[in-house]
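For reference, the structure discussed in these notes is given below.
The values are calculated or read from the model by the stated rules, or taken from the named source; none is laboratory data. Keep in mind that what you see is a predicted model, and the values were worked out from it rather than measured. Don't worry about glycine lacking a Cβ; one is built from the backbone with ideal geometry, like all the others, and counts go over all protein chains shown. Surface areas here come from the heavy atoms of the whole protein model, side chains and all, with no ligands, DNA or RNA. Shrake-Rupley method; radii C 1.70, N 1.55, O 1.52, S 1.80 Å.
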Amino acid sequence: MRAKILRGRVLSFNDAPKARDDKDCYTYIEDGALLIENGKITARGEFSGIKKTAPTDIDVIDHRPHILMAGFIDTHIHFPQMQVLASYAGSLLEWLNTYTFVEEQRFDDLAHARKIGSSFYDELIRHGTTSAVTYCSVHPQSVDAFFEEAAKRNMLMIGGKVMMDREAPASLTDTPQSSYDDTNALIEKWHGKGRGHYAITPRFAITSTPEQMEMAQALAGEHPDLHIQTHLSENKAEIEFANSLYPDAGDYFGIYQHYGLAGEKSLFGHCVHLEDRERDAMIETNSVAVFCPTSNLFIGSGLFDWARVAGPEGKGRIALATDVGGGTNYSMFRTLDEAYKILNLQGQRMNPLTSFYQITLGNARAVSLQDQIGSLDVGTDADVVVLNANATPAMQVRMETVTTLEEELFLMQTVGDDRAIVETYVAGEALKSGL
Ligand code: GUN
Ligand code: ZN
């Protein structure tokens with residue numbers, strides 16, 4: 001790959017903002033540049049300085065006046081649910097049984113999985129998302145399609161086959177042994193290949209027997225460096241059902257704890273209705289709660305209470321995600337917008353710096369990959385988005401009165417969508433313009 005310089009307004013977070021006007025939490029360079037070589041950022045600074053030290057014939061891609069930021073990270077999404085998005089249901093279990101468990105059966109067909117997989121990555125790129133933590137279907141071939149497509153685009157993706165051996169149609173269930181064997185084979189095949197990371201994925205306690213949970217525990221024990229993803233405390237009826245299936249666990253999070261699935265690489269989708277003990281145990285085990293605002297509103301699950309999940313000392317780890325197809329949009333802007341509204345309803349606003357920190361470095365930290373993704377620091381992978389706050393006539397009119405960077409970011413998160421993503425670079429390659 002030829003080295004290149006990207007020129008634009010460079011914005012990269014160094015830490016979580018401590019206040020709305022915390023200028024130390026980010027680096028901003030008005031006429032900035034990134035030097036990209038072999039898929040990595042090898043220098044960052046003022047354009048004039050970067051240009052001076054680079055070879056004279058280097059390609060310069062001038063994105064001024066747009067913002068260059070780290071690619072967005074979606075920490076919970078279901079790739080077999082592209083054709084479930086916008087399904088009309090009153091609650092989680094109805095939505096799962098009526099639409100989701102019907103649609104996911106089609107992923108036993110590798111050709112179908114490949115077709116949807118290709119569209120899935122196109123949508124991520126279109127919306128500026130360069131990494132995602134993803135649920136595949138129960139079928140190993142859906143995982144093959146998922147990682148094949150990631151490799152084609154050289155994307156850092158985390159995903160795995162859902163383990164599910166009950167409470168679903170027969171054609172969508174595995175067995176404790178087959179889920180163990182298939183997961184092991186898929187780890188061998190895909191984990192660490194290119195930028196792929198395998199995630200052990202027991203779908204949720206309802207669709208796994210205790211015998212299958214033991215298999216998930218064995219896998220986690222044998223592969224302690226792998227991510228684990230599952231669902232937790234999304235909907236009241238779901239919680240009641242899960243607890244009835246595991247009466248000795250004490251509470252829903254206790255089920256996962258019992259099987260050794262809590263920990264710093266574990267991502268728990270939703271966490272809308274946690275008990276105090278569950279929240280405390282999540283903090284104690286360094287587990288991550290994944291806030292999925294568009295999904296929680298669309299399925300009517302409830303309002304995520306950020307302050308409560310973060311805990312009295314703010315130590316609770318929280319990630320943000322779309323949860324498509326329960327979620328309604330691939331855009332992390334649309335996701336931030338709904339997150340803001342959910343929190344504002346509870347008297348907890350998320351300021352714009354925190355918002356953009358969250359979808360970049362915050363989510364990278366949540367998946368423990370901040371050394372590779374989530375910032376524009378030298379040495380990290382060159383996953384970069386180019387943002388335009390003047391993308392639509394309505395945005396242009398509003399931008400006439402915008403005077404600060406924070407206001408510009410807030411406008412993008414409040415009304416922006418894929419039209420505000422000018423370009424998406426993955427490991428230094430421009431992918432959006434090629435779609
Ligand atoms: N709980 C178990 N499976 C799912 C799923 O596919 N989507 C959501 N939103 N919740 C779940
Ligand atoms: Zn989900």
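The calculated FRET efficiency for Lys40 paired with Asn344, based on their beta-carbon distance and R0 = 25 Å, is about 0.05. Contact order for segment 95-222, expressed relative to its length and based on alpha carbon pairs under 8 Å spaced 6+ residues apart, stands at 24 percent. Only Cα pairs under 8 Å and 6+ residues apart enter the sum, and on that basis the relative contact order of segment 224-310 stands at 32 percent.
Taking amide H as placed 1.01 Å from N in the peptide plane, His227 has its amide H under 5 Å from the amide H of Ile200, each at least 5 places away in sequence or on another chain. Compared with the dominant Cα axis of the chain, that is its longest principal axis, helix 140-153 is turned about 10°. Heavy-atom accessible area, probed at 1.4 angstrom with all protein chains present, ranks Phe241, Phe13 as Phe241, Phe13, highest first. Please tell me the relative contact order of segment 11-65 in percent, rounded to the nearest whole number, where contacts are Cα pairs under 8 Å and at least six residues apart. Taking the mean separation of contacting Cα pairs over the length of segment 11-65, I get 22 percent. I need the shape label for segment 64-202. Rule: rounded when a/c is under 1.5, else prolate if a/b > b/c, else oblate, with a, b, c from the alpha carbon gyration tensor. It comes out oblate by the Cα gyration axes. Here the chain carries DSSP beta bridges of which approximately 45% are antiparallel, counting only pairs with both residues inside. Amide H contacts under 5 Å for Lys40: Ala382, restricted to partners 5 or more places along the chain or on a different chain, H placed in the peptide plane at 1.01 Å from N. Measuring between their Cα centroids, segment 163-203 and segment 338-382 lie 29 Å from each other.
For the chain, the longest principal axis of the alpha carbon atoms and the long axis of helix 405-415 meet at an angle near 50°.
Here the calculated FRET efficiency for Val397 and Ala170, from their Cβ-Cβ distance with R0 = 60 Å, stands at 0.60, rounded to the nearest 0.05. Given R₀ = 30 Å, what would the calculated FRET efficiency be for Arg106 paired with Phe241, taking r from the Cβ atoms and rounding to 0.05? The formula returns an efficiency of 0.70 here. Surface composition of segment 369-410: carbon plus sulfur atoms hold 50% of the accessible area, using a 1.4 angstrom probe and ignoring ligands, DNA and RNA.
Counting only protein heavy atoms and a 1.4 Å probe, the chain has 37 square angstrom of accessible area per residue. By accessible area, using a 1.4 Å probe on protein heavy atoms only, segment 39-172 has 51% of its surface on carbon and sulfur.
When the Cα positions of Phe410, Phe107, Val288 are compared along the charge dipole of the chain, Phe410 comes out farthest toward the positive end, with charges on each C-beta of Lys, Arg, Asp and Glu. Considering only Ile77, Ile373, Ile61, the mean-square fluctuation computed in a Gaussian network model of the chain, springs between alpha carbons under 10 angstrom, is largest for Ile61. With respect to the chain, whose longest principal axis is taken over its alpha-carbon atoms, helix 210-222 is tilted by about 40°. Could you name the lysines in cross-link range of Lys52, using Cα to Cα under 21 Å and dropping any fewer than eight places away on the same chain? The reachable lysines, counting only those whose Cα sits under 21 Å from Lys52, are Lys4, Lys40. Dipole size of the chain about its Cα centre, with +1 on Lys/Arg Cβ and -1 on Asp/Glu Cβ: approximately 1160 debye, rounded to the nearest 20. Distance between the modelled labels on Gln83 and Met1, one decimal in nanometres: 3.3 nm (7 Å Cα→Cβ projection).
Taking all protein chains together, Thr56, Thr401, Thr230, Thr175 sort by accessible area into Thr56, Thr401, Thr175, Thr230, largest first [probe 1.4 Å]. Solvent-accessible area of segment 241-302 (1.4 angstrom probe, protein heavy atoms only): carbon and sulfur portion equals 45 percent.
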